[in-house]
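The values are calculated or read from the model by the stated rules, or taken from the named source; none is laboratory data. On a predicted model such as this, the values are computed, not experimentally measured, just so you know. Glycine gets a Cβ as well: all are built from the backbone with ideal geometry, and neighbour counts include every protein chain shown. Only protein heavy atoms, including side chains, enter the accessible area calculation; ligands, DNA and RNA are left aside. Shrake-Rupley method; radii C 1.70, N 1.55, O 1.52, S 1.80 Å.
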Amino acid sequence: MAGNSNLAEVEWIAKTEDVSVRINTLAPGQGTPWHYHSVVNDDVLCLADPVEVWLRGPDETICLVPGQRQHIPAGRIHRVLNP
């Protein structure tokens, strides 16, 4: 991600050459910047309050509630928001 300035908190769960797992805490109204990953896939798992995953190409918004996950393939522009 392009920096963590828009995140209330980042907790790293695992970080190796092959995998990175972290918990991003977003306060109400906060979100990640638009970004994409050139090589890796991204999976967003909602742990608490509902979040929105905004995607481009094609444009769509997916609302996740706790326990739901959204897979985002490498190269797809996206951001995650706490509405």
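Summed over segment 23-49, residues that are part of a loop (DSSP other than H, G, I, E, B) and under 16 Å from Pro66 (Cβ atoms) total 6. Please enumerate the residues belonging to segment 34-47 that are of a type outside the set (A, V, I, L, M, F, W, C) and exposed (fewer than 11 other Cβ atoms within 10 Å of the Cβ). Hits for segment 34-47 are Ser38, Asp43. A single entry from Pro50, Pro58 fulfils the requirement of being on the phi < 0 side of the Ramachandran plot, surrounded by fewer than 11 Cβ atoms within 10 Å (Cβ to Cβ) and out of contact with any Lys or Arg (no Cβ under 6 Å at 6 or more places or on another chain): Pro58. Cβ separations smaller than 6 Å between residues 6+ apart or across chains give the following pairs from segment 49-73 residues that are aromatic (Phe, Trp, Tyr) to residues that are open to solvent by 70 Å² or more (accessible area, probe 1.4 Å): Trp54/Thr61.
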